[in-house]
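What follows is a set of notes on a single structure, which appears directly below.
None of the figures in this text is laboratory data; all of them are computed from the coordinates on show. No experiment lies behind these values; they were computed from the predicted model shown. In this analysis, Cβ positions are derived from the backbone assuming ideal geometry, glycine residues included, and neighbour counts consider all displayed protein chains.
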Amino acid sequence: MSRNKTTGLKRRLMKAKNSNRRVPAWAIMRTERKLMFNTKQRNWRRRKLKI
């Protein structure tokens, strides 16, 4: 990827980075383990972004 990125691309990359987290422990406890994992979480080696 190029060194000089546009602002729109940077924002989309930041959104993907921030959303790539596990579900917090308090949320798992609050939902009585019904909400266990983030279905949209991705690994940088396995799945690429469509940006």
From phi via Karplus (6.51, -1.76, 1.60), per-residue ³J(HN,Hα) for region 42-51 in Hz, x at Gly/Pro: 9, 9, 5, 7, 7, 10, 8, 8, 9, 10
Two-site label geometry, Leu35 and Asn18: point separation in nm, points 7 Å out along Cα→Cβ: 1.8 nm
message: Suppose each label sits 7 Å from its Cα in the direction of the beta carbon; what would the Thr7-Asn43 distance come out to in nanometres?
response: 3.7 nm
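Per the Kirkwood treatment, what hydrodynamic radius in Å, one decimal, follows for the chain from the mean inverse distance over all distinct Cα pairs? Don't jump to the answer; show the numbers that get you there.
Working: mean 1/r = 0.0771 Å⁻¹.
With all distinct Cα pairs of the chain included, I get 13.0 Å.
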query: Which ³J(HN,Hα) values, rounded to whole Hz and listed in residue order, are derived for region 29-40 from phi using the Karplus coefficients 6.51, -1.76 and 1.60 in 6.51 cos²θ - 1.76 cosθ + 1.60 with θ = phi - 60°, glycine and proline given as x?
result: 5, 5, 8, 6, 6, 6, 9, 9, 9, 7, 6, 9
task: Could you tally up the Lys pairs in the chain with alpha carbons closer than 22 Å? Skip any pair fewer than 8 positions apart unless they're on separate chains.
output: 15
